[in-house]
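J.: Just dropping this structure here.
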Amino acid sequence: MSGETNEMARKKTATKKTATKGTKSAATKQGSADSPWQLTTAPGSSEFEAYRDAAADPPALVVQVGKTELRYHLRCIKDLHAMLKKHGDWVPLGGADEQKPAAEGSVEAWGRSAQNPVKGWYGLKKGLRGRFGVYVPPVLEALGLVELEHGAKNNRVRAK
């Protein structure tokens, strides 16, 4: 009987390992137009899809929120992660529409700054260039690059 129990435990452990590996590779395979990430904003109040469009000019991270499509330079994933690693601590998200000012020191402010690697807006569609701090950090979280807070307000992000 104990041999049978040990065998069952080994099978459960093997199944968990396989499921974890499957989940990880599924996450890395996602992010295409055919298999977009299904995400929510940090507070969990809005759902959206996102995917990489490497064939676009310039290559883009496409975010679909209802019928609204936002596009950001695809390099924003790598650039934001590098900035967060260099910063080394929590950074407020500070999401804001393009027409509104971004909170100083926030991810949103960095996404618009002349000091970031693209020397300005990561957003590609005039009028829809904002909300960088709302939609890009959940993508980095899905990729396992950051820790993201999920409170009702004032969420922050930091690199893993």
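The values are calculated or read from the model by the stated rules, or taken from the named source; none is laboratory data. For clarity, every value in this text was computed on a predicted model and none was experimentally measured. Ideal geometry is used to build each Cβ from the backbone, glycine not excepted, and the neighbour counts take in all protein chains shown.
J.: Scan (1) closer than 15 Å to Arg131 by Cα; (2) modelled with pLDDT under 95 for the single condition Val65 breaks and write down its number.
T.: (2) is the only condition that Val65 fails.
J.: So which residues in the stretch 72-94 are assigned to a loop (DSSP other than H, G, I, E, B) and farther than 21 Å from Arg52 by Cα, if there are any at all?
T.: Of everything in the stretch 72-94, those that are assigned to a loop (DSSP other than H, G, I, E, B) and farther than 21 Å from Arg52 by Cα turn out to be Gly88, Asp89, Trp90, Leu93, Gly94.
J.: Here's a follow-up. Please find, within the stretch 41-84, the residue that is surrounded by the fewest Cβ atoms within 10 Å (Cβ to Cβ) out of those that are under 14 Å from Gly111 (Cα atoms) and among the charged types (D, E, K, R).
T.: Looking at the filtered set, the residue picked out is Lys78.
J.: A further question follows. Cβ contacts < 7 Å: first residue outside any loop (DSSP other than H, G, I, E, B), restricted to the stretch 106-134; second residue among the polar types (S, T, N, Q) and at pLDDT 95 or above, any location; separation 6+ or different chain. Result?
T.: Trp110/Asn116; Gly133/Ser106; Val134/Thr41
J.: Hey, does the stretch 126-145 have a residue that's within 20 Å of Val65 (Cβ to Cβ), at pLDDT below 95 and among the basic types (Lys, Arg)?
T.: Yes, the stretch 126-145 contains a residue that is within 20 Å of Val65 (Cβ to Cβ), at pLDDT below 95 and among the basic types (Lys, Arg).
J.: Filter the stretch 32-83 for residues that are over 22 Å from Gly94 (Cβ atoms), hydroxyl-bearing (Ser, Thr, Tyr) and within 11 Å of the chain's Cα centre (by Cα) and give the result.
T.: Tyr51
J.: A follow-up question, please. Looking at the stretch 110-142, which of the residues that are within 21 Å of Glu49 (Cα to Cα) and of a type in the set (Lys, Arg) is surrounded by the fewest Cβ atoms within 10 Å (Cβ to Cβ)?
T.: The residue in question is Lys126.
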